[in-house]
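Here the structure comes first, spelled out in structure tokens, and everything after it is commentary.
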Amino acid sequence: MIVRNRRTASLLAAGAVATLVSALTPATASSASEASAAKDPLWQYTQQKPRWQRCAAGSPATYRCATLKVPLDYSDPGGKKTDIAISRLTAGSAEERRGVLLLNPGGPGGPGLNLPVDPELNLPEEVRKRYDLIGFDPRGVGQSSPVSCGLTDDEQNFERPYRAGTFAADVEWARTVADKCRAKGGDTLRHLTTRNTARDMDVIRAVLGEKKISYLGFSYGTYLGAVYTQMFPRRTDRFVLDSATDPARIWRGMFQEMAEGTEAAFTRWSEWTAERHTTYNLGDSPAEVRKTFWDLVAQADRKPIDADGKPLTGDGIRAEHATFFHVQTAAEWVARLKKAAEGRKPAPSGTPERIPGPVPPAFARDVPPDNEAASAWAVLCADTRTWPRDPEQYRRDAIRDKARYPLYGDFASNIKPCAFWKEGSEPGTTVNNKVGALILQNEWDPGTPLAGGQGMHRALRGSRMVTVAGGEGHIVHGSNSCADKSLTAYLTTGRLPAEDLTCRAPQASWADAPGTPPRHDRPPGGGLGPRLDRPGGVDSP
């Protein structure tokens with residue numbers, strides 16, 4: 001009876017408040033809004049009511065899209081606004097629903113609006129029952145006020161090896177990209193940073209009425225997730241970081257880390273291939289295998305080798321460095337190159353599987369053809385103020401790293417547009433906290449090498465790391481049942497492993513169809529930014 005009376009009193013009080021609010025004059029209501037805004041400068045953004053609509057014709061009725069407004073510059077919330085496109089696939093069970101799971105496919109520059117319904121994501125039913133899956137295009141990307149620098153196809157090609165005779169042209173390319181972005185992007189690009197995207201995520205959280213968010217991020221998305229944990233630790237719930245970057249090496253160090261990892265992968269490949277000389281005929285010792293490869297590079301520098309219908313120079317061969325993280329695929333590819341160089345017609349390679357692209361939402365706007373490149377460079381250059389400004393520093397580093405890491409060192413350290421980029425709106429983020437997180441990492445990852453995941457693990461001192469020993473390729477989720485079990489257990493129960501785990505990759509990871517690029521080189525959605533996650537370019541051997 002006492003409880004009932006209290007409840008009745010509460011309802012009466014609530015009714016009185018409702019009556020009072022409805023009776024407010026417009027001027028009074030405006031004053032209340034102004035008072036709220038004075039207390040919280042972001043009030044106008046966090047109190048938005050999304051206008052959900054069907055994302056695309058034929059998409060599930062439970063999958064909806066909306067557009068939010070966020071400040072371009074969070075230090076000036078009353079200033080210019082920018083759009084953030086979001087999507088939501090509602091949880092499968094209202095009774096078991098825990099909250100929201102934000103998703104990011106990687107990049108930078110990767111759109112994530114379509115991720116909740118992308119078949120490549122393939123989250124287990126136990127997870128889908130408990131979470132609304134939230135996709136979003138980061139600021140400046142896809143449907144979120146997409147930026148452009150007006151770059152030509154050639155200007156978007158960043159794979160530029162160091163050569164003394166072409167270095168001046170490379171400097172001019174880097175300067176041109178930066179100048180065109182500055183001219184076309186105005187003051188917008190300096191606000192396309194990971195910190196601001198993390199702030200956008202927190203606006204999404206507030207708009208959805210959640211006290212905390214859970215998160216699944218791939219590749220660059222791991223850094224975005226880590227920055228969120230640093231900026232909003234009390235609003236962080238269950239975070240899974242798949243194929244992690246080292247937050248202490250953002251961003252030039254990440255390119256260089258790829259070169260370092262490539263040399264270890266190349267050594268492993270030469271040993272593996274020598275043991276299978278009768279199959280690939282590339283050498284019966286690691287030294288012979290390496291000699292065969294470098295002889296092919298030298299020959300292709302003199303005259304491009306036409307294999308798989310794609311003429312390759314020696315630099316073009318080296319640019320495919322990521323292939324050597326997959327021993328069987330690399331052995332088959334180099335064997336075909338060798339046959340082509342000898343004038344023999346190699347056997348056709350397997351047909352690369354098609355990675356589904358995003359389904360355009362019903363409210364889609366046109367996206368500039370260089371959007372991925374423009375938004376990627378904006379993040380890479382504006383996130384940190386550690387890029388050298390002197391072109392000669394890049395020259396020296398490229399010469400040094402070509403000697404240290406012959407396969408990819410000069411590509412990694414050669415000059416980039418960031419040398420001439422306008423500084424970002426604020427310094428970068430130092431990630432160093434005790435927030436819980438689960439890190440998944442393949443031992444042989446070409447995009448974010450194992451050392452990057454270990455660096456993330458050190459920075460997130462409350463994290464646990466699951467390493468797939470012998471695991472090949474970029475992205476763990478969906479490729480290893482042992483690691484997937486840890487992901488599912490954490491997202492459904494909130495319990496991290498008691499200690500770091502090592503899973504074993506099945507031997508079958510070397511048994512892909514001949515010549516077919518392994519499936520897990522890209523996060524779900526095909527949303528990899530070309531600058532970090534696909535260093536080998538668009539075409540795979």
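Read-outs: derived from the displayed coordinates by stated rules, not from any lab. Just so you know, these numbers come straight off a predicted model, no measurement behind them.
Some observations on this one:
- The alpha-carbon positions of region 216-287 define a convex hull whose volume is 107 Å³ per residue.
- Remark on region 73-156: hydrodynamic radius 14.7 angstrom, per the Kirkwood mean of 1/r across alpha carbon pairs.
- Seen from a random direction on average, the alpha-carbon convex hull of region 103-142 projects onto 2.8 square nanometres.
- Region 247-329: C-alpha gyration tensor shape, a/c 1.5 cut-off, then a/b vs b/c: oblate
- All lysines inside 20 Å of LYS416 as judged from Cα atoms, apart from same-chain residues fewer than 8 positions distant: LYS180, LYS184, LYS402
- Cα-Cα P(r), region 111-174, percent of pairs per 10 Å interval: 17, 27, 21, 19, 12, 4
- The alpha-carbon of LYS434 sits under 17 angstrom from the alpha-carbons of these aspartates and glutamates, leaving out residues fewer than 8 places away in its chain: ASP237, ASP246, GLU499, ASP500.
- Rounded to the nearest angstrom and listed largest first, the equivalent-ellipsoid semi-axes of region 33-187 from its Cα gyration tensor are 36, 24, 13.
- Violating pairs (Cα-Cα greater than 23 angstrom) within the set LYS81/LYS129; LYS80/LYS211; LYS80/LYS212; LYS310/LYS339: LYS81/LYS129; LYS80/LYS211; LYS80/LYS212
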